[in-house]
């Protein structure tokens, strides 16, 4: 099936998917968070075709999610390292992980996260940057932002 | 390109992608969070082929993300409503939105979220369920969980 570009959509979820919406991409990013930097290690872990992996990695470099850092001159070989933009995908990956832990991990979570600050085995909770209380689907209201000034209300957002 | 199934992967990120990793799926879920329930409205908003939309919606029903609720008997027509499992995708969608706002919204965020509890226009911050302090890629440590008892250390996770 042809990949449709979301680049013209006036939506930040679509813009995130434009970068990480390919099937393999978030698993490549996941492995990078676990410390993987080498092409061959990504390839072995993911069992992905080398040409597909190469395409995905180059696309992530172009998008500014990875940077290539040469670790060998002869032959020329690169580490693929997360940039700050790439590391900022951590909340996306972590939210996916927690949902998978909750609904699709019948033998228990494959990975536990320990928060270094307190030593707790922890899950992340999303809280409001304004008041520190939990944010969820049921206690937020969506309004049109600067990027969509033609819309005013949530009902407009659902109709547009 | 053939869609590879991630269902046998021992990873909760992969299991989440198994459900929402199709190109259109998170945008369907996004629209559901904005209040869309009707097939024709999803179709108009997304500009997606009807047969593709039908497949995606049915898959989300099978996965327990949506439930179908008849709103007309003659002809038989359904609302597609998020289940609790579906609503628990909110942190995934919100994290994608915030990343897109930060890196791919040159005209400003298309949508603003207001936290009803405090009235602030707010972004979500991920905090530790144990101590309430911020969690990020740099202050957590990944360890093998019950679902992968054969692994012990982060370095094992990166090698496996």
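The values are calculated or read from the model by the stated rules, or taken from the named source; none is laboratory data. Keep in mind that what you see is a predicted model, and the values were worked out from it rather than measured. Positions of Cβ are backbone-derived with ideal geometry, glycine not excepted, and every protein chain shown enters the neighbour counts.
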Task: Number of the exception - residue A:106 against (1) part of a helix (DSSP H, G or I); (2) at pLDDT below 90; (3) more than 7 Å from chain B (Cβ to nearest Cβ) - done: (1)
- [ ] Please specify each residue of segment B:58-79 satisfying the condition of being over 21 Å from residue A:16 (Cα atoms) and assigned to a helix (DSSP H, G or I).
- [x] B:58, B:59, B:61, B:62
Task: Positions within segment B:20-77 being surrounded by fewer than 13 Cβ atoms within 10 Å (Cβ to Cβ) and facing another protein chain (nearest Cβ under 9 Å), in sequence order - done: B:47
Open item on the list: Here's a check for you: in segment A:7-17, which residue that is without any contact (Cβ under 8 Å) to a residue 40 or more places away in the chain and surrounded by fewer than 22 Cβ atoms within 10 Å (Cβ to Cβ) is farthest from the other protein chains (Cβ to nearest Cβ)?
Closed with: A:8
Open item on the list: Looking at B:113, B:151 in this structure, which one is in a strand (DSSP E or B), modelled with pLDDT under 95 and either under 20 Å from the mean Cα position of the chain (by Cα) or surrounded by fewer than 21 Cβ atoms within 10 Å (Cβ to Cβ) (or both)?
Closed with: B:113
TODO: Please tell me if residue B:54 is out of contact with any strand residue (DSSP E or B) (no Cβ under 8 Å at 6 or more places or on another chain), over 25 Å from residue B:113 (Cβ atoms) and not in a loop (DSSP other than H, G, I, E, B).
DONE: yes
Task: Count of segment A:9-31 residues which are assigned to a helix (DSSP H, G or I) and more than 15 Å from residue B:14 (Cβ to Cβ) - done: 8
TODO: Inspect segment A:119-141 for any residue being touching a strand residue (DSSP E or B) at 6+ places or on another chain (Cβ under 8 Å), surrounded by fewer than 17 Cβ atoms within 10 Å (Cβ to Cβ) and away from chain B (no Cβ under 11 Å) and give the result as yes or no.
DONE: no
